[in-house]
Amino acid sequence: MKVIVDMDVCKDHGQCVFSAPEVFQINENGRLVYEAEPDESLRDAVEEAADVCPLQAITIEG
Amino acid sequence: MGQRIVIAGASMGGLRAAERLRASGYTGEIVAVGDETHMPYNRPPLSKEALASEVTHEAVAFRLRPAVADVTWRLGVPIASADLEARAVRLADGAELAYDGLVIATGMRPRRLPTPGPTAGRHVVRTLEDACALRSELGPDARVLVIGAGFIGCEVAATARLLGADVTVVAPEAVPMRRPLGDDLGAALQRRHEQQGVRFLLGRTVAAFLGEDRVTGAELSDGTRLDAGVVVEAVGSASNTEWLDGNGLDLSDGVLCDNALRVEGRPGVVAVGDVARFPNPRYDGVARRIEHWSIPTDTAKRAAVTLMTDLGLSGHDPAPFAPLPTFWSDQYDLRIQSFGAPALGADDIRVLEGDLDGEVVVGYHTDGALVGVVLIGLPSAVARYRAELMRNSVAA
């Protein structure tokens, strides 16, 4: 599974962090950072994170 | 299997319902019916970034997961009526669709003012077409009158101002966004808007629109006359439930549901999104509709499980449904985020961090307990307050 966040679209709402904290984090500067190739076991959480993104900036491939 | 679920409504709630039904293991037919011609799209940008740039379906369309590739979309056709006894809906084009399960996801439509005067030049913001029509009239030369000082009205005011328009907001309340933010935070946000050049004429309403073929201005309840070539009516919304009339349902404010999103007394019929009125045990158990962006996703997840149970396809889920309502608003460079139910804590509002004219966290309390939080900025504080709300606001 590959996770792609369109950083031109992302506005650092951080909603994804609550759905999949293992994959998405807000750093000390308030910007989103994420793991691009998370373990398959996290798929449900990552899909939920993509659903709740206010800007719909998260794409899952594979 | 041969089962069919009809989803009435092809916006976010309808899409999420289809996704969750597939995720719950439903393999039967799904037909989603929507009155708009577009595949589901994300509405919040229509008063914010999409309105500020070019409004296209591509820019706001939801991605379709492979799991919902076999859903049948009947778009551009409103549902005319439903017979819940016969388990069938009738579409406006005369087609009849029988169902085993029904998802009500028809959402809301903007209220329109009954105010006399010309109608050309008067806008609402709900659909893509609405936003395109408004966008085509916004620019540095536009004189814009926004009626309504809730979130949509204030977002449109901010976006129009960023596009260089002359903007006046008229509303009956004394403070913008008063419900649910409260007087102090609402007044602080009004000051931010005024610093950007937006004019507020509060405590009054529009008595008449002026002009012949199209709007050229408005006369207010106090006799004030304003020039305005573009009017935006942001005065709340009404539930799209007329098609359910005649079935004995409580449609007094959306569709009354139980805590599992099952329409009261109607197994096999669920409602999702802002049209669903359901009790939330996180608070006082009173059934309410919630017009927040997080609600279609949350309710679809629960409603899909309920429908699977009613169709005999999965077991009963006894867990109470207690979503944490969440919404945000972008106005200028301000990020306003709300978690929980600020409106329920309106009698005990406290600044928890920061100050009202800068970055701030405002807490809303019931019986001393935090039930809602609104943040302006302070992204690093979000997780802490959200965790507190998740922990302590489920009523015993």
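Just wondering, is there one or more residues in region B:351-369 that are buried (at least 16 other Cβ atoms within 10 Å of the Cβ), within 14 Å of chain A (Cβ to nearest Cβ) and within 29 Å of B:Phe62 (Cα to Cα)?
Within region B:351-369, none of the residues are buried (at least 16 other Cβ atoms within 10 Å of the Cβ), within 14 Å of chain A (Cβ to nearest Cβ) and within 29 Å of B:Phe62 (Cα to Cα).
Any idea which residue in region B:53-67 is nearest to B:Arg20 (Cα to Cα), counting only those that are within 13 Å of chain A (Cβ to nearest Cβ) and open to solvent by less than 50 Å² (accessible area, probe 1.4 Å)?
Once the filter is applied, the top-ranked residue is B:Phe62.
Of the residues B:Ser294, B:Ser329, only one is within 14 Å of chain A (Cβ to nearest Cβ) and farther than 15 Å from B:Gly13 by Cβ; which?
B:Ser329
If you scan region B:340-396, which residues turn out to be of a type in the set (Ser, Thr, Tyr) and more than 16 Å from B:Pro180 (Cβ to Cβ)?
Correct list: B:Ser380 only.
To keep it simple, each residue is scored yes or no on (1) hydrophobic (A, V, I, L, M, F, W, C); (2) in contact (Cβ under 8 Å) with a residue 40 or more places away in the chain.
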| site | (1), (2) |
| --- | --- |
| B:Gly164 | no, no |
| B:Arg178 | no, no |
| B:Asp183 | no, no |
| B:Arg191 | no, yes |
| B:Gln195 | no, no |
| B:Val198 | yes, yes |
| B:Thr224 | no, no |
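Quick check on region A:39-55. Is at least one of its residues surrounded by 11 or more Cβ atoms within 10 Å (Cβ to Cβ), among the polar types (S, T, N, Q) and either facing chain B (nearest Cβ under 9 Å) or free of Cβ contacts under 8 Å to residues at least 40 places away in the same chain (or both)?
No, that holds for no residue.
Under the condition of being touching a residue at least 24 places away in the same chain (Cβ under 8 Å), assigned to a helix (DSSP H, G or I) and touching a helix residue (DSSP H, G or I) at 6+ places or on another chain (Cβ under 9 Å), which residue from region B:376-389 is least open to solvent (accessible area, probe 1.4 Å)?
Initially, region B:376-389 is screened for residues touching a residue at least 24 places away in the same chain (Cβ under 8 Å), giving B:376-379, B:381-382, B:385-386, B:389.
Filter once more, keeping what is assigned to a helix (DSSP H, G or I): B:379, B:381-382, B:385-386, B:389.
This time we only want the ones that are touching a helix residue (DSSP H, G or I) at 6+ places or on another chain (Cβ under 9 Å), so: B:382, B:386.
Details: B:Val382: 6, B:Arg386: 51 Å².
Among them, the one singled out is B:Val382.
From B:Arg262, B:Arg335, B:Arg288, which residue is surrounded by 21 or more Cβ atoms within 10 Å (Cβ to Cβ) and either in contact with a Cys (Cβ under 7 Å, 6 or more places away or on another chain) or of a type in the set (Lys, Arg) (or both)?
On inspection, the qualifying residue turns out to be B:Arg262.
Kindly provide the set of residues from region B:122-174 that are out of contact with any strand residue (DSSP E or B) (no Cβ under 8 Å at 6 or more places or on another chain), surrounded by 19 or more Cβ atoms within 10 Å (Cβ to Cβ) and hydrophobic (A, V, I, L, M, F, W, C), ordered by number.
Result: B:Ala131, B:Ile152.
Residues that are assigned to a strand (DSSP E or B), in contact with a Phe, Trp or Tyr (Cβ under 7 Å, 6 or more places away or on another chain) and either surrounded by fewer than 23 Cβ atoms within 10 Å (Cβ to Cβ) or free of Cβ contacts under 8 Å to residues at least 12 places away in the same chain (or both): does region B:301-317 have at least one?
For region B:301-317, residues assigned to a strand (DSSP E or B), in contact with a Phe, Trp or Tyr (Cβ under 7 Å, 6 or more places away or on another chain) and either surrounded by fewer than 23 Cβ atoms within 10 Å (Cβ to Cβ) or free of Cβ contacts under 8 Å to residues at least 12 places away in the same chain (or both): absent.
Could you check, for region B:263-272, whether at least one of its residues is within 23 Å of B:Gln337 (Cα to Cα), at pLDDT 95 or above and in contact with a helix residue (DSSP H, G or I) (Cβ under 9 Å, 6 or more places away or on another chain)?
Yes, region B:263-272 contains a residue that is within 23 Å of B:Gln337 (Cα to Cα), at pLDDT 95 or above and in contact with a helix residue (DSSP H, G or I) (Cβ under 9 Å, 6 or more places away or on another chain).
Check off (1) without any contact (Cβ under 8 Å) to a residue 24 or more places away in the chain; (2) within 30 Å of A:Asp51 (Cβ to Cβ); (3) outside any helix (DSSP H, G or I) for B:Glu58 and give me the number that stays unchecked.
Evaluating B:Glu58 over (1) without any contact (Cβ under 8 Å) to a residue 24 or more places away in the chain; (2) within 30 Å of A:Asp51 (Cβ to Cβ); (3) outside any helix (DSSP H, G or I) leaves (3) as the failure.
If you take the residues in region A:21-32 that are aliphatic (A, V, I, L, M) and modelled with pLDDT under 95, which one is least open to solvent (accessible area, probe 1.4 Å)?
My answer is A:Leu32.
Of all the residues that make up region A:27-60, how many are charged (D, E, K, R) and either under 17 Å from B:Val60 (Cα atoms) or in a helix (DSSP H, G or I) (or both)?
Of the residues in that region, 6 qualify.
Could you grab me the full set of residues in region B:318-327 that are surrounded by fewer than 21 Cβ atoms within 10 Å (Cβ to Cβ) and closer than 22 Å to B:Val156 by Cβ?
B:Phe327 - this is the single residue of region B:318-327 that is surrounded by fewer than 21 Cβ atoms within 10 Å (Cβ to Cβ) and closer than 22 Å to B:Val156 by Cβ.
The values are calculated or read from the model by the stated rules, or taken from the named source; none is laboratory data. A quick note: this is a predicted structure, and the numbers were derived from the prediction, not measured. Glycine also receives a Cβ, built like all others from the backbone with ideal geometry; neighbour counts cover every protein chain displayed. These area figures cover heavy atoms from the full protein model, side chains too; ligands, DNA and RNA do not enter into them. Shrake-Rupley method; radii C 1.70, N 1.55, O 1.52, S 1.80 Å.
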